[in-house]
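Note sheet for the following structure.
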Amino acid sequence: MRYSHIAFDLDGTLIDTNGPYLRAVQRRLQEELGFHKELWELSSILGVPGRIALAELGFPDVESAHEVIGRYFYEYAGEIRAFEGIEETLSALQGKGIRLGLVTSKGRARLEREFFPLPVSRYFPDIVCAEDTALHKPKPAPMLCYLSRTGADPARTLYVGDSPNDLAMCRAAGVGCVLATWGSFQRERDPSVRYLSHPRELSTLLQL
């Protein structure tokens, strides 16, 4: 089937921010709560709005933890970049007339700092971010918001994410989903899901 819309997750899919963010969370967990988690153990928080994830991790003062982790993140985030092969893939998709969108749990202020300055941001006319819905991944609300805004047919829409939360959102919204592994810490795989190890595999999948 030819897709008319392809929407993407941001962190760990388009741009490499997962490592710096998880290291910042890992550091604050050790400092404040006194326990250590490996980065892959923390990967379940990816795709969840930051304050919700920090509450689930047990931080008693979520706002304070969020502020400190934000400072730590920028210590590690000197080289936020698009993954290798992403821009070429986006250009190929756009050249075939496919409309590209972004559906992310990141807030707009952080998009302005971390994503909009990057050249790849120019490929995305349609963006759904954390402020646009009351409910977030793994709930279907962000994807349903995207479908409503763009008029996209769910049956002709594909989402490219990197986490179980992305997959759950898409399944609930009736949208197809493939998962990228090039920036993911996920170790378990769902045999019913197509996984991509490099952005160029998306073009192969779509037979472009």
Taking region 73-87 and the residues there that are assigned to a helix (DSSP H, G or I) and at pLDDT 95 or above, the one that is most open to solvent (accessible area, probe 1.4 Å) would be 87
Within region 179-205, residues more than 22 Å from residue 133 (Cβ to Cβ) and either touching a Phe, Trp or Tyr at 6+ places or on another chain (Cβ under 7 Å) or of a type in the set (Phe, Trp, Tyr) (or both) come out as 181, 182, 183, 185, 187, 189, 195, 197, 198, 199
Only one of (1) in contact (Cβ under 8 Å) with a residue 40 or more places away in the chain; (2) assigned to a helix (DSSP H, G or I); (3) within 26 Å of residue 28 (Cα to Cα) does not apply to residue 54, and that is (1)
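Residues checked against (1) within 15 Å of the chain's Cα centre (by Cα); (2) without any contact (Cβ under 8 Å) to a residue 40 or more places away in the chain; (3) more than 17 Å from residue 99 (Cβ to Cβ):
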| position | (1), (2), (3) |
| --- | --- |
| 135 | no, yes, yes |
| 140 | yes, yes, yes |
| 143 | yes, no, no |
| 146 | yes, no, no |
| 161 | yes, no, yes |
| 164 | yes, no, yes |
| 174 | no, yes, yes |
| 197 | no, yes, yes |
| 206 | no, no, no |
Of those in region 194-208 that are of a type outside the set (S, T, N, Q) and open to solvent by 20 Å² or more (accessible area, probe 1.4 Å), the residue farthest from residue 138 (Cα to Cα) is 208
Screening 27, 23 for residues that are modelled with pLDDT of 90 or more, assigned to a helix (DSSP H, G or I) and within 21 Å of the chain's Cα centre (by Cα) leaves only 23
Boolean, residue 85 is within 24 Å of residue 188 (Cβ to Cβ), in contact with a helix residue (DSSP H, G or I) (Cβ under 7 Å, 6 or more places away or on another chain) and of a type in the set (Gly, Ala, Ser)
no
For region 80-102, pairs from a residue that is free of Cβ contacts under 8 Å to residues at least 60 places away in the same chain and closer than 20 Å to residue 207 by Cα to a residue that is open to solvent by 20 Å² or more (accessible area, probe 1.4 Å) and in a loop (DSSP other than H, G, I, E, B), with Cβ under 7 Å and 6 or more apart or across chains, are none
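Name the strands (runs of 3 or more DSSP E) wholly within region 92-179 that hold at least 3 residues that are buried (at least 20 other Cβ atoms within 10 Å of the Cβ)?
99-103, 157-161
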Scan region 18-27 and tell me whether some residue there is buried (at least 16 other Cβ atoms within 10 Å of the Cβ) and more than 25 Å from residue 179 (Cβ to Cβ). yes
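The values are calculated or read from the model by the stated rules, or taken from the named source; none is laboratory data. Remember, it's a predicted structure, so these values are computed and weren't measured experimentally. Ideal geometry is used to build each Cβ from the backbone, glycine not excepted, and the neighbour counts take in all protein chains shown. For the accessible areas, the whole protein counts, side chains as well, though only heavy atoms, and no ligand, DNA or RNA atoms are used. Shrake-Rupley method; radii C 1.70, N 1.55, O 1.52, S 1.80 Å.
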